[in-house]
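Everything on this sheet refers to the single structure shown next.
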Amino acid sequence: MDKQNPNVPSHAHTRVAGKKHPNRRHPHSGLVHDHTRHTARFTVIGNHLAQHAELSLLAIGLGTHIQSLPVGARIDIKSLAARFPEGTTRIAAALRELEAHGYLRRERVRVPDGRIVTRTTSCNQPGHSGAEAPRPAPRKRSGPPGGKPLPAVPRPAYPAPALLQQATDLLTGLRRDDPRLLLSACDTAHLAPGVAAWLERDVTPTAVRQALTTDLPREALRRPAALLAHRLTTQLPPLPPFRAPTPPPTAPHRLQTCEGCDRAFRAPAPGRCRDCRSHRTELGEAA
């Protein structure tokens, strides 16, 4: 009785689920893949679509086909029915399935010629579209050495665009006087109001340039923008003295014709010229 009978059929094995199933480790039966790596004309399809638990087989196949098409391809019901043997009813139902699960978005839009058309968007990962994807956090601008902000600079009373542009051009040209004064765009925008405040006080651009570039340290400048901001603040000249506005020139009187001698003369109103008036005065005195 201790010998096994080889003719006795083996007992049914207890069903094992999950990753411990023997077929998981030793695939002696079932599907076997014979894969070759694609190098051209292939499409990456997510398993969430290819193995979707709720989509029909027709919807899965249609979704795979749509994701493989180029931009601008026609995927309306009539075009798909002309391409595949399935009828318009089944294709329409499959499109509704894909739309319900987020693989398609269809919207009515008006084109420039006034017509209203249906625009279809294919989503290879529902819920992760480009419009809804979280944007990467903006990179922090690397600050100056030590992390200290630039000192504040004076501000012009009337920051006209032309004045600020002149100040920006002046700062940009400082590198010609000293290559160490090569400023970044951010530093130039910070310093431009300070230079504009000098120009607003009737200081010539040449004088501003000399004040910023004269007697610079001989050693390397770690923060040239900070040095310029300090000079713009501490050496700011006073406001120019008040000058009363020059009255506009008086317009000359109109030409009049003398009523006594018909000679032209300038006067605010018609009458007699100076000679005729003097002559009448002399006649009156003689009488």
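The values are calculated or read from the model by the stated rules, or taken from the named source; none is laboratory data. Predicted model, so just to flag it, every value in this text is computed and none were measured. Neighbour counts run over all protein chains shown; Cβ positions are idealised from the backbone, glycine included. What goes into the accessible areas is simple: the full protein's heavy atoms, side chains included, and nothing from ligands, DNA or RNA. Shrake-Rupley method; radii C 1.70, N 1.55, O 1.52, S 1.80 Å.
Data for the structure
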read-out	value
Phi to ³J(HN,Hα) by Karplus 6.51 cos²θ - 1.76 cosθ + 1.60 over segment 43-53, Hz, x for Gly, Pro	10, 8, 10, x, 5, 5, 8, 5, 10, 4, 7
Solvent exposure, largest accessible area first (probe 1.4 Å, DNA, RNA and ligands not counted), of Tyr158, Tyr103	Tyr158, Tyr103
DSSP-loop trypsin sites (Lys or Arg not before Pro) across segment 24-79, with at most 15 other Cβ within 10 angstrom	Arg37, Arg41, Arg74
Heavy-atom surface of segment 150-287, accessible at 1.4 Å and reported per residue (Å²)	69
Residues Thr214 and Asp169, FRET efficiency given R0 of 25 Å [Cβ-Cβ distance, rounded to 0.05]	0.80
Long-range HN-HN contacts of Cys123 with modeled amide H, under 5 Å	Leu104, Arg105
Loop-located GluC sites (Glu not before Pro) in segment 223-285, at most 14 other Cβ atoms within 10 Å (DSSP)	Glu259
Order of exposure, largest accessible area first, which applies to Ser29, Ser79 with probe 1.4 Å	Ser29, Ser79
Sites matching chymotrypsin sites (Phe, Trp or Tyr not before Pro) across segment 195-283 that sit in DSSP coil, with at most 14 neighbouring C-beta atoms within 10 Å	Phe242
Accessible area of Leu221 in the full protein assembly, 1.4 Å probe (Å², nearest 10)	40
Extension gain from Arg110 to Thr250, taking 0.36 nm per residue of separation minus the Cα-Cα distance	44.0 nm
Estimated inter-spin distance, Val44 and Thr257, nm [label 7 Å along Cα→Cβ]	9.8
Packing-based ranking, highest mean first, of 203-210, 266-273 given that Cβ atoms within 10 Å are counted	203-210, 266-273
